[in-house]
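A quick write-up on the structure given underneath.
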Amino acid sequence: MRCVLLVSALTLLPFAACDCDVEPLIAPPGSVTGVACLPESGVPAAGVTVELRLEGDERLEVADHDGAFLFEDVPAGLATVVLPGDRRERVDVRSGAVAVVDDQACRELPDDAAGSVIGRVCNRHVEELVVGATVSILLADQTVLEDTTDGEGRFAFASVPVGTHVLAVSAPGFSRAEEITVTDGEQTDVDVGGACAIAPPLEAGAVRGRVCAPDGSGWLIDARASITPAGAAEIFQLTDVEGRFLLEGVPSGLQTLVIAKGSFVSTRTVAIPPGDVLELPEDECGLVPDELRIAVVRGSLYDHVEEVLDDVGVDPADIDLFDADWAEQLLGPDERVRDYRILFLNCRSAEPSYLASTAMQDRLRAFVADGGSLHASDQAYDLIEVTWPDAADFYGDDLVRSAGDRGAIAAALPALVVDTGLVAGLGRSDATLRYALETWSVMVSAGPDVDVYLTADSPLMDGTVVTGSPQIIGFDHGVGRVVYSSFHQEPGSHPDQLQILRLLMFEL
């Protein structure tokens, strides 16, 4: 209920305090993000559970294949984040802001060549396993890797630089040190104490499969297939031009297979047979993402990228739609864009506020630089031109808005596919494009360090032609990716265009 007080201009009379039932203001929550690493190796801890504690509120999140985690809708205040190895970091969560956890365990090893070390600790004098002992490896650069023995006295280091190092074990009433030699790509077994037999490793097997778009059409090249066995280094391979992969030397038993292409990540449990190869059924090749938050900005009546996302298996519940005020909503001071992994700007996405705001442009660049992905199409090209002016030269005067929208109707425009991934997905290097409407955006050339996916001779409305015009480009900015396409999903599009757009989703 709202309380209204009327005061006479001539007389101020005493009045009782207003005991109104006013609803208190509630500060918007914040979020907490970071990358978790394994203390013993410093590498990102894929698939580990990260815990957040805040005044009795406990939450769990599973880190993705890059070790990244995100807690959303976190009340403001001091929170504790529990990282691998029961390491705890205090973080100040502020209303409407993103708090970043800096995991001190994350580091680069001094040498790419590495092996693994496993072992068991036993006190032979009392014939007991040593549980909870601190096991450390001193490296040549004075870096110390640490682990703690489990309930069976075991320890494991997934990635240790090659060479001879000192391994030390310390526990109440027990101390031991010895030299170990680590060989590239091999496992070093250590029996500390001399009285504990190390169980033989599980017999290894392998897994073979293929990766394709979720609808089953088009093999995905350079998709990353990986398995990280417990206590061992990650085993991974990129798919070939036919979408095939083979992971060998995988310990037998249940393992987690992770398939990743761009922002699309899928996990499944597989049973690795000892001494044999698990053949995954080819009809299960579709890369359907486990979870993926996407923002889509509405624009032209003819461009609905959300329909393409639906075709490739994205859950509509993971897609949020925005209208003309998208820039104010997503790129304001609170940077809501960081709630999403990919931002799609449909053709004719309204952009006056964005084009007039250098702060919004800086925030979009930062979103991509920190790992976000951006896709823009056709007459949203002004956004690319003002944000990354060196990425492409669009037709016309760069200082005149929409000057590049001079493409003419083309019923069947021959195109040359120059990207190997698209060639693999389509099964050929030629494609047909259909521009059913006039005034589509034309690129003249691509800038340095920009990937061109396909080209065509673009007809203009004045009857001239831009030869070898890029139709789709992509480039990295920081650790994120930007893709721009002169065409988009619309009625009358050629089937080749629709297939290309589906494949492009996996470039983000």
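The values are calculated or read from the model by the stated rules, or taken from the named source; none is laboratory data. The model shown is predicted, which means the values in this text are computed figures rather than measured ones. So basically every Cβ, Gly included, is an ideal-geometry build from the backbone, and we count neighbours across all protein chains shown.
Data for the structure
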quantity: Residues of segment 352-368 satisfying the condition of being basic (Lys, Arg) and touching a residue at least 40 places away in the same chain (Cβ under 8 Å); calculated: Arg365
quantity: Whichever residue in segment 332-353 is of a type in the set (Gly, Ala, Ser) and surrounded by fewer than 23 Cβ atoms within 10 Å (Cβ to Cβ) and, among such residues, is modelled with the lowest pLDDT; calculated: Ala350
quantity: Odd one out for Ala324 among (1) within 25 Å of Val444 (Cα to Cα); (2) modelled with pLDDT under 85; calculated: (1)
quantity: Failed condition for Lys261, given (1) within 23 Å of Gly119 (Cβ to Cβ); (2) touching a Leu at 6+ places or on another chain (Cβ under 7 Å); (3) outside the structural domain of Ala133 (by TED's automatic domain parsing); calculated: (1)
quantity: Odd one out for His65, checked against (1) loosely packed, with under 14 Cβ neighbours inside 10 Å; (2) modelled with pLDDT under 75; calculated: (1)
quantity: Some residue of segment 373-382 being out of contact with any strand residue (DSSP E or B) (no Cβ under 7 Å at 6 or more places or on another chain), more than 20 Å from His488 (Cβ to Cβ) and among the charged types (D, E, K, R); calculated: no
quantity: Exclusive hit being surrounded by 20 or more Cβ atoms within 10 Å (Cβ to Cβ) and farther than 22 Å from Ala46 by Cα, set Val93, Val160; calculated: Val93
quantity: The listed residue being in a loop (DSSP other than H, G, I, E, B), touching a Lys or Arg at 6+ places or on another chain (Cβ under 9 Å), modelled with pLDDT of 80 or more and outside the structural domain of Pro495 (by TED's automatic domain parsing), out of Asp215, Asp222; calculated: Asp222
quantity: Selection within segment 390-407 - farther than 7 Å from Val442 by Cα, outside any loop (DSSP other than H, G, I, E, B) and free of Cβ contacts under 8 Å to residues at least 60 places away in the same chain; calculated: Asp393
quantity: Where a residue in segment 445-472 is at positive phi and its partner, wherever it lies, is of a type in the set (A, V, I, L, M, F, W, C) and surrounded by 14 or more Cβ atoms within 10 Å (Cβ to Cβ), with Cβ under 7 Å and at least six apart; calculated: Asp449/Phe475
quantity: Top-ranked residue in segment 136-153 [being in a strand (DSSP E or B) and without any contact (Cβ under 8 Å) to a residue 40 or more places away in the chain; ranked as nearest to the chain's Cα centre (by Cα)]; calculated: Val144
quantity: Residue list for segment 56-97, restricted to those being touching a Gly at 6+ places or on another chain (Cβ under 7 Å) and either assigned to a loop (DSSP other than H, G, I, E, B) or under 22 Å from Leu331 (Cα atoms) (or both); calculated: Ala63, Phe69, Val74, Ala76, Val93, Arg94, Ser95, Gly96, Ala97
quantity: Residue check for Thr420: among the hydroxyl-bearing types (Ser, Thr, Tyr) and crowded, with 19+ Cβ neighbours inside 10 Å; calculated: no
quantity: Residue within segment 259-272 that is assigned to a loop (DSSP other than H, G, I, E, B), modelled with pLDDT of 85 or more and either surrounded by fewer than 18 Cβ atoms within 10 Å (Cβ to Cβ) or not charged (D, E, K, R) (or both) present; calculated: no
quantity: Segment 438-455, residues that are modelled with pLDDT under 90, under 15 Å from Ser485 (Cβ atoms) and either among the acidic types (Asp, Glu) or not in a strand (DSSP E or B) (or both); calculated: Val442
quantity: Residues of segment 354-390 that turn out to be of a type in the set (Gly, Ala, Ser), more than 22 Å from the chain's Cα centre (by Cα) and modelled with pLDDT of 90 or more, as a count; calculated: 1
